[in-house]
Amino acid sequence: MSDNLPGNDRNSNPVPPPPAPSGTPNAHTPNAHTAPSAPAYDPAATNPGAPAYSGGPAQPKGLALSSMIVGIVSLLISWPVSIVGIIGGVVALVLGIVARKKGQPKGMALTGIITGALAIVISIIAMIVVALVIGAALNDPNLQQQLEQLDQ
């Protein structure tokens, strides 16, 4: 019963014969020394909804990314360490402007410019507040009296 199934025929050979040795050319192939080439890959044929790959070089974004990172860090530390916030804000602002001029990613460069400017403004406000608090504390009569007691 199993002898009637396809592939069980004694005359049929499901395994193909081994290829001819590479040193001896075959009469059926004109150039036996070259390897067969793989078929070309067409992504549109396998996935028609996928966008085509442009294949162009990646857009540089180092300045824009640096501007964004320095701007965010400067903004975060602009209140407790005002001078670092000002310096970092200026660096972020300059990097962001240069990145925009060079055509790097607009979003990152703009984030760096905005956060850098905010870091500068907040740092200046923090310095003014600290100066006012120190000035008010030094003009306090109770503080003056306590300082005089310490000197005696």
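I'd like the FRET efficiency for residue 83 and residue 150, computed as 1/(1 + (r/R0)^6) with the beta carbon distance as r and R0 of 35 Å, rounded to 0.05.
Working: r = 30 Å, r/R0 = 0.86.
For R0 = 35 Å, the calculated efficiency reads 0.70.
May I ask you to give the average projected area over all directions of the convex hull of the Cα atoms of the stretch 62-139, in nm² rounded to one decimal? Write out the running numbers ahead of the final one.
On the way: hull surface 17.3 nm².
Mean projected area of the Cα convex hull: 4.3 nm².
Relative contact order (percent) for the stretch 62-139, with alpha-carbon contacts under 8 angstrom and 6 or more residues of separation? Walk me through the numbers on the way to the answer.
Values: 150 pairs, mean separation 30.7, N = 78.
Once divided by the residue count of the stretch 62-139, the mean separation gives 39 percent.
Just rank 127, 68, fewest to most, by other beta-carbon atoms within 10 angstrom.
Ascending Cβ contact count within 10 Å gives the list 127, 68.
Fewest to most neighbouring Cβ within 10 Å: what's the order for 106, 61?
106, 61
Of the listed peptides 133-146, 80-93, what is their order by residue-averaged count of other C-beta atoms within 10 Å, with the highest listed first?
By packing density, highest mean first, the sequence is 80-93, 133-146.
Taking the Cα of residue 59, stepping 7 Å toward and past its beta carbon, and measuring to each backbone N in the stretch 71-107: which are under 12 Å?
Backbone N within reach: 100, 102-107.
Each reported figure results from applying straightforward, stated rules to the coordinates on display, with no laboratory input. Source: prediction; values computed, not measured. All Cβ positions, glycine included, derive from the backbone under ideal geometry; neighbour counts span all protein chains shown.
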